[in-house]
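Step one of this worksheet: look at the structure below.
The values are calculated or read from the model by the stated rules, or taken from the named source; none is laboratory data. Not measured: the values here are computed from a predicted model. In this analysis, Cβ positions are derived from the backbone assuming ideal geometry, glycine residues included, and neighbour counts consider all displayed protein chains. Quick note on the areas: whole protein, heavy atoms, side chains included, nothing else; ligands and nucleic acids left out. Shrake-Rupley method; radii C 1.70, N 1.55, O 1.52, S 1.80 Å.
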Amino acid sequence: MTLPRGLDAVPALRPGDHVCRSFTGGADLAAAVVPFLDEGRRRGEHLLLVGPSRPALLAAVSALPHRDAMLADGRLELQATADCYSAGAALDPVEQVRRYRGATDAALVAGRTGLRVAADVTALLHGGRSGRRLLHAYEQLADALMGTVPMTAMCLYDASVGPDVLGPVAVLHPVQALGDRPPQAHLSARGPVLSLHGEVDLSEAASVATALVDVAGVHGVPGEHGVPGGHGVPGGPAREVVLDLSDLAFLDVAGARALHGATRELAGRGTALRLTGTHRGVRRCLDLFGLGVPAPGPSGPEPA
């Protein structure tokens, strides 16, 4: 299960955790990055910090213990966002995840216990709707990757981009820290099908629908293209994508309407979305929009 949760304490993070954190200004960025990387140092992980420029990154980790020594011996790397993610051109979600898989393998070969990445990727939100679609596809593939390798990541986004832009990105992370906004929903690809966890109401409906439309275009057979769940880039051949709702605890009418809209939009792009695994309350809302889901088999009482 990958129910969404908040970032209660950095030491509680483990390999496989994928965090979405917003920040407001340089001091807040440093407050997020320093304890996250220092915990990786304690765990013997290779550390990678990504951001707009080397001077900005050095400033962000000015209080990191043993910073200069780790930079000198290679335990800590600094990379500009444009160099790491090709921010000046179109992001290639599959290739980017391959790079992180390779970096994790290299860290293990070098005797590290894994890879820990803190990345300010706000620049990737400035590519318009098409750029954000690729970013959402990347975040889904990266989350699936982190379920299979010893990698821990904190994706950092400047809060000034606004909640409408941050919402779809956040739901693609199992750990979310967006100011005082509590985590509600997580759209996961850690398995052979997409799965939706938590609660989807009016406040999350649009974000979930946007993320779902974008990531369904890349979700497919695990292992394709060298990444779990990878199926190329949006616009591939017609196929069916399964969305498991077994761990969806609550869905209101706004959420059901959003899933209906996402289903229709995907159908127009040649992708059939099949919903499975709902309890009675969720099914009632879906039935309002003709999204009938078969009831589970007789295995005991079903929750209302």
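Please verify whether segment 76-85 includes one or more residues that are more than 22 Å from residue 134 (Cα to Cα) and open to solvent by less than 70 Å² (accessible area, probe 1.4 Å).
yes
Go over the candidates 107, 137, 142, 119 one by one and state the one that is within 17 Å of residue 37 (Cα to Cα), in contact (Cβ under 8 Å) with a residue 60 or more places away in the chain and part of a helix (DSSP H, G or I).
107
How many residues does segment 87-104 contain that are of a type in the set (Gly, Ala, Ser) and in contact (Cβ under 8 Å) with a residue 12 or more places away in the chain?
The qualifying residues number 3.
For segment 50-63, which residues satisfy the criterion of being surrounded by fewer than 22 Cβ atoms within 10 Å (Cβ to Cβ), out of contact with any Ser or Thr (no Cβ under 7 Å at 6 or more places or on another chain) and in contact (Cβ under 8 Å) with a residue 24 or more places away in the chain?
53, 54, 56, 59, 62, 63
Looking at (1) open to solvent by 40 Å² or more (accessible area, probe 1.4 Å); (2) in a loop (DSSP other than H, G, I, E, B), which is the only condition residue 44 fails?
So residue 44 meets the others, but not (1).
Look at residue 208 and say whether it is of a type in the set (Val, Ile, Thr) and assigned to a helix (DSSP H, G or I).
It is true that residue 208 is of a type in the set (Val, Ile, Thr) and assigned to a helix (DSSP H, G or I).
Of everything in segment 250-263, what is surrounded by 17 or more Cβ atoms within 10 Å (Cβ to Cβ) and part of a strand (DSSP E or B)? Give them in sequence order.
251
Are any residues in segment 1-32 without any contact (Cβ under 8 Å) to a residue 24 or more places away in the chain, farther than 26 Å from residue 196 by Cα and of a type outside the set (Gly, Ala, Ser), and if so, which ones? Full working, then the answer.
As a first pass, look at segment 1-32 and keep what is without any contact (Cβ under 8 Å) to a residue 24 or more places away in the chain: 8-9, 12, 25, 27-28, 31.
Retained after the next criterion (residues that are farther than 26 Å from residue 196 by Cα): 25, 27-28, 31.
Correct list: 28 only.
Quick check on residue 161: is it in contact with a helix residue (DSSP H, G or I) (Cβ under 7 Å, 6 or more places away or on another chain) and open to solvent by 20 Å² or more (accessible area, probe 1.4 Å)?
Against the criterion (in contact with a helix residue (DSSP H, G or I) (Cβ under 7 Å, 6 or more places away or on another chain) and open to solvent by 20 Å² or more (accessible area, probe 1.4 Å)), residue 161 qualifies.
Please enumerate the residues belonging to segment 8-41 that are under 21 Å from the mean Cα position of the chain (by Cα), part of a loop (DSSP other than H, G, I, E, B) and over 15 Å from residue 153 (Cβ atoms).
Within segment 8-41, 8, 9, 24 qualify.
Quick one: in segment 182-207, which of the residues that are of a type in the set (A, V, I, L, M), crowded, with 22+ Cβ neighbours inside 10 Å and in contact with a helix residue (DSSP H, G or I) (Cβ under 6 Å, 6 or more places away or on another chain) is modelled with the lowest pLDDT?
189
To keep it simple, each residue is scored yes or no on (1) open to solvent by 10 Å² or more (accessible area, probe 1.4 Å); (2) more than 24 Å from residue 217 (Cα to Cα); (3) more than 16 Å from the chain's Cα centre (by Cα).
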{"site": "117", "(1), (2), (3)": "no, yes, no"}
{"site": "132", "(1), (2), (3)": "yes, no, no"}
{"site": "149", "(1), (2), (3)": "yes, no, no"}
{"site": "167", "(1), (2), (3)": "no, no, no"}
{"site": "180", "(1), (2), (3)": "yes, yes, yes"}
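Looking at this structure, is residue 271 modelled with pLDDT under 95, crowded, with 16+ Cβ neighbours inside 10 Å and out of contact with any Phe, Trp or Tyr (no Cβ under 7 Å at 6 or more places or on another chain)?
For residue 271, the condition - modelled with pLDDT under 95, crowded, with 16+ Cβ neighbours inside 10 Å and out of contact with any Phe, Trp or Tyr (no Cβ under 7 Å at 6 or more places or on another chain) - is met.
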